[in-house]
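Shown next, in structure tokens, is the structure this report addresses.
Bear in mind that the values in this text are calculations on the coordinates, not laboratory data. Quick caveat, the model's predicted, so the values are computed rather than measured. Counting neighbours? That spans all protein chains shown, and the Cβs are built from the backbone with ideal geometry, glycine included.
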Amino acid sequence: MKKLVAMFVVAAAMVAVADTVYLKSGSVIKGESGLIQDGKLKFASDDLGDLNIKIENIVKIDTVKDHVVQYNDDSTETVKLDIKDGKLVPVGSEVNMDNVKKTDPEIEKWHGAINIAFNAARGNTYENSGSVFGSMSRRWEKDRFGFDGGYYYSETGTRGGDDKKKSTDRWELHAQHDHFWMPKFYGMEMGRVERDMIKGVRARYELGLGPGYQWLDKTELWGTGKWTFNQQLAIKWTKEELENSQDVSKYGYAALSYEHHLAWLIGWNDDLELFHNFRYDPEIDDFDKFLMRANIGFSKELFNGFTFVGKIECDYDSKPASDRRKWDMRYIAGLGYKW
């Protein structure tokens with residue numbers, strides 16, 4: 001009997017402390033409220049499990065909790081927030097919600113991905129090909145750092161592979177620092193080094209700086225998902241070491257640069273992300289000489305951060321090393337890990 005009374009008291013206490021959300025549809029949901037992010041309340045329902053409830057659909061909530069607000073100048077403050085008639089209402093403090101950019105922003109940490117692809121063939125055709133590529137970035141209140149790079153290799157031949165030879169031997173490294181002078185406007189400095197022996201590029205070094213604009217940053221658009229898009233311009237100093245016949249020519253020049261980067265995390269399938277990147281670098285003194293690079297692809301999370309990645313890369317060099325083609329296309333599919 002005493003055990004039954006004790007169980008009843010515990011159950012009653014749990015019901016008493018349960019949070020309750022009242023929706024405009026008339027539904028009432030009990031459970032535990034959590035973070036408020038991207039205009040949605042994370043709510044662990046007793047009956048329905050984990051939910052993301054749009055703030056605009058909530059009439060009221062019977063609990064007031066502490067939340068972090070991030071203002072348009074990127075400063076933060078912890079305040080108590082209530083929800084009334086589809087709007088966030090500060091309690092016990094004078095906060096103008098029109099000046100709030102985000103609520104409960106994610107804790108800044110390093111994000112990145114590493115991907116590996118490999119292909120082999122034996123028999124009439126002998127082939128080994130593989131690639132490893134990845135990226136890493138972190139955003140602070142005013143600064144952002146990003147690094148990316150990759151190595152691509154292949155060898156082909158016939159039958160037993162006695163006549164095999166390299167058909168791909170390329171690597172590149174890139175780093176960039178952005179400083180946000182305003183919420184969306186930033187200045188950047190970058191450096192890149194690459195080598196492609198099949199294309200006759202023994203080395204190419206780039207240093208550049210210029211302005212950029214972050215139009216979207218994981219921004220919800222019309223219920224389609226989260227979009228990220230930025231554009232940037234730069235002035236670069238580029239130095240090349242190209243194989244021409246039996247000689248190696250070294251050539252340094254100033255170039256302009258335009259880049260944009262687009263990513264779309266699909267709203268109805270948040271494990272799937274589409275991306276597209278583009279870069280165009282014409283020489284200042286000779287616009288007929290330019291480098292252009294673009295890629296398009298997707299990544300699909302399989303489980304626990306492991307992903308499948310597929311992409312198409314295209315490089316164009318208007319004045320390549322002698323006896324080399326201007327175009328290079330790569331079709332890549334592989335597995336990776338994202339954090």
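Say the cut-off is 25 Å between C-alpha atoms; which of 42/184; 226/311; 164/338; 109/338; 65/87 go over it?
Details: 42/184 27 Å; 226/311 20 Å; 164/338 35 Å; 109/338 13 Å; 65/87 15 Å.
Beyond 25 Å between Cα atoms: 42/184; 164/338.
What ranking do 202-214, 136-148 get when scored by the average of other Cβ atoms within 10 Å per residue, highest first?
Highest to lowest by the protection proxy: 202-214, 136-148.
Which chymotrypsin sites (Phe, Trp or Tyr not before Pro) from the range 63-118 combine a DSSP loop assignment with at most 14 other Cβ atoms within 10 Å?
Numbers: sites: 71, 110, 118; in loops: 110.
Passing both the DSSP loop test and the Cβ count: 110.
When only DSSP loop residues count, what GluC sites (Glu not before Pro) in the range 23-100 have their Cβ near at most 11 other Cβ atoms within 10 Å? Intermediate results must be reported in sequence, preceding the final value.
Details: sites: 32, 56, 77, 94; in loops: 94.
Those satisfying the criteria are 94.
Can you bin the range 111-338 into rounded, prolate or oblate? Criterion: square roots of the alpha carbon gyration tensor eigenvalues sorted a ≥ b ≥ c, rounded for a/c under 1.5, prolate for a/b above b/c, oblate for the rest.
Numbers: a/c = 2.36, a/b = 1.19, b/c = 1.99.
Verdict is oblate for the range 111-338.
If one takes the longest principal axis of the Cα atoms in the chain, at what angle in degrees, from 0 to 90 and to the nearest 10, does the Cα axis of helix 2-17 lie?
Long axis of 2-17 versus the principal axis of the chain: about 70 degrees.
With r as the distance between the Cβ atoms of residue 142 and residue 85 and R0 = 30 Å, compute the FRET efficiency 1/(1 + (r/R0)^6) and round to 0.05.
On the way: r = 36 Å, r/R0 = 1.19.
Between residue 85 and residue 142 the formula returns 0.25.
Taking 8 Å as the Cα distance limit and 6 or more residues as the minimum spacing, I'd like the relative contact order of the chain as a percentage. List each step's numbers first, then the result.
Details: 839 pairs, mean separation 29.2, N = 339.
Relative CO of the chain lands at 9 percent.
Mind checking the dipole of the range 200-339: about its Cα centre, +1 per Lys or Arg Cβ, -1 per Asp or Glu Cβ, Debye to the nearest 20? Don't skip to the answer; put the middle values down first.
Numbers: 18 positive and 22 negative charges, 37 e Å.
Dipole of the range 200-339, to the nearest 20 debye: 180 debye.
May I ask for the distance between the Cα centers of the range 56-77 and the range 213-240, given as a whole number of Å?
Each part's Cα centre sits 27 Å from the other's.
May I ask you to evaluate 6.51 cos²θ - 1.76 cosθ + 1.60, the Karplus curve with θ = phi - 60°, for each residue of the range 260-265 and list the ³J(HN,Hα) values in order in whole Hz, giving x for glycine and proline?
Residue by residue, the range 260-265 yields 9, 9, 10, 9, 10, 8 Hz.
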